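The values are calculated or read from the model by the stated rules, or taken from the named source; none is laboratory data. Quantities reported herein were computed from a predicted structural model and do not represent experimental measurements. Heads up, the Cβs are rebuilt from the backbone with ideal geometry, glycines too, and the neighbour counts pull from every protein chain shown.
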Amino acid sequence: MPDNKINNAINIKEKFELFKDQWTPKVIAMLDDNHVYLTKIEGDFVWHSHEDQDELFIVVEGRFRMDFRDREVWVEKGEMLVVPKGVEHRPCAEQECKLLVIENAGTDHTGGVEDERRQEGHAQI
């Protein structure tokens, strides 16, 4: 896991420059038992939920839409959205969107749904 050292700032812009792939979370820090990660998204992800964990999405650049079964929510640059545990959702972005996400380190980012983008663990940068 990334080494959280006191007084070391993490430059988010520089971290985003380290990767081009989408839908592949990159861990940049730990917050208690949570991953703080960056990801780039474009297109539609899979419908999924996390039965025991909330997720926090912060838009660093761009915008995306979070689809829920009963509505959709647009999240713009500088805004955040919390998806409560157990709520089925699907992130979608018309153009590439850069996100900072905080979720429990044990969270399967597809909620266990089989998909080619599913990863067992997240790379650290």
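Taking the conditions exactly as written (surrounded by fewer than 16 Cβ atoms within 10 Å (Cβ to Cβ) and in contact (Cβ under 8 Å) with a residue 24 or more places away in the chain), does Met80 satisfy them or not? Taking the combined requirement at face value, the residue satisfies it. Considering Val113, Val82, Val60, the condition of being farther than 21 Å from Glu17 by Cα, of a type in the set (A, V, I, L, M) and at pLDDT 95 or above is satisfied by Val82 alone.
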